[in-house]
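Below is one structure, written out as structure tokens; comments come after it.
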Amino acid sequence: FVKHRHGVKGQAVQPMRLPSLLAWLEARVASGNDGSGSGGAADPQFVVQEEVAPPALWEGRKFAIRCHALVAARGRAQPRAWLHRDVIVLPYARPFDAASDDRAVHISQAGKAHPPPTLASLLPSDHPAAEAELWPRLRGLVGGCLSAAAPALFPSAQGGGATTSLRCDASTLYSVLACDVALDAAGTPVLLEVNSHCAIADGTMAAVPTAVYTRLVADVTAL
């Protein structure tokens, strides 16, 4: 999958088989359109993501998992993080077929007439994303990601000079992040992306019951 870093609603995601991917990369290098003007192979505006294969399926379809994390730092304290318990499971529009070139088979936002989204806590126990099995694995995955990214999420408690500070004692800095996760056939969660400007009851998340986002906003405010 070739994904634009700032793409929205799945329109900037393109599934490619290896020959198409290599041709796309060669074309960008040849044109010098790599985002840096140097004609190099790396493009900071795009990422190439290997598919999760074989994927976990339910009723013959892939599904995506969206969870929300709050990261906050009060004053000069170290950041803390919370993973919200309402984990959203989003079925794909079309049944899975590895040989298909239909975007709706491979991309969660593509296509129409998606089965309704469901909370992991409401799934049957034999679903691959049932909460009892998913929750501890999800906590480990998101926790590891946030730990690695913490230096980029918050300015240092101490600035560059002896008297300069980027965070004061009265400040509370926070970020609500939406993590998109897929499961492989063994039930292992794989992080697909982290959204810093996440859709709340809009766009790709419009079909999620608004009560889920009411709880999310209330819990962020309370914390």
- Task: Report the net charge of residues surrounding Ser125, where surrounding means a beta-carbon distance below 13 angstrom and charges are Lys +1, Arg +1, Asp -1, Glu -1.
- Result: -3
- Task: Can you figure out the FRET efficiency of Cys145 with Ala206, using R₀ = 35 Å and their beta-carbon distance, to the nearest 0.05?
- Result: 0.85
- Message: Just to confirm, what accessible area per residue do you get for the chain at 1.4 Å probe, in whole Å²?
- Response: 56 Å²
- Task: Count neighbours as other Cβ atoms within 10 Å of each site's Cβ, and list the trypsin sites (Lys or Arg not before Pro) in segment 86-156 that are DSSP loop with at most 14 such neighbours.
- Result: Lys112
- Query: What's the FRET efficiency of Ala77 with Ala98 using the Cβ-Cβ distance as r and R₀ = 41 Å, to the nearest 0.05?
  - Reply: 0.30
- Any idea which of Thr118, Leu57, Ala30 is furthest toward the positive side of the dipole for the chain, if Lys and Arg beta-carbons carry +1 and Asp and Glu beta-carbons -1? Thr118
- Comparing Gly187, Gly32, Gly111 in a Gaussian network model of the chain (Cα, 10 Å), the one with the largest mean-square fluctuation is Gly32
- Determine the gain in length on full extension of the stretch Val194-Glu26; use 0.36 nm per residue of separation and subtract their C-alpha separation, reporting nm with one decimal. 57.7 nm
- Which whole-number percent is the relative contact order of the chain (Cα, under 8 Å, 6+ apart)? 20 percent
- Task: Quote the charge dipole size of the chain about the Cα centre in Debye, to the nearest 20; the model charges only the Cβ of Lys and Arg (+1) and of Asp and Glu (-1).
- Result: 560 debye
- Might you report the magnitude of the Cβ-based charge dipole of segment 51-119 about its Cα centre, with Lys and Arg at +1 and Asp and Glu at -1, to the nearest 20 debye? 540 debye
- Note on the structure: If exposed means GluC sites (Glu not before Pro) lying in a DSSP loop and surrounded by at most 11 other beta carbons within 10 Å, then the longest stretch of the chain lacking such sites spans residues 60-223
- Per GNM of the chain with C-alpha springs under 10 angstrom, the most fluctuating residue out of Ala130, Ala178, Ala30 is Ala30
- Given a 1.4 Å probe and every protein chain left where it sits, what share in percent of the accessible area of the chain is carbon and sulfur? 56 percent
- Task: Divide by every residue of the chain the summed helix terms, -39500 (n - 2.57) for each DSSP H run of at least 4, and state the resulting mean residue ellipticity at 222 nm, rounded to the nearest 500 deg cm²/dmol.
- Result: -7500 deg cm²/dmol
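The values are calculated or read from the model by the stated rules, or taken from the named source; none is laboratory data. Because the structure is predicted, anything quoted here is derived from the model rather than measured. Please note: Cβ atoms are built from the backbone with ideal geometry, for glycine as well, and neighbour counts cover all protein chains shown. Side chains included, ligands, DNA and RNA excluded: accessible areas come from the protein's heavy atoms. Shrake-Rupley method; radii C 1.70, N 1.55, O 1.52, S 1.80 Å.
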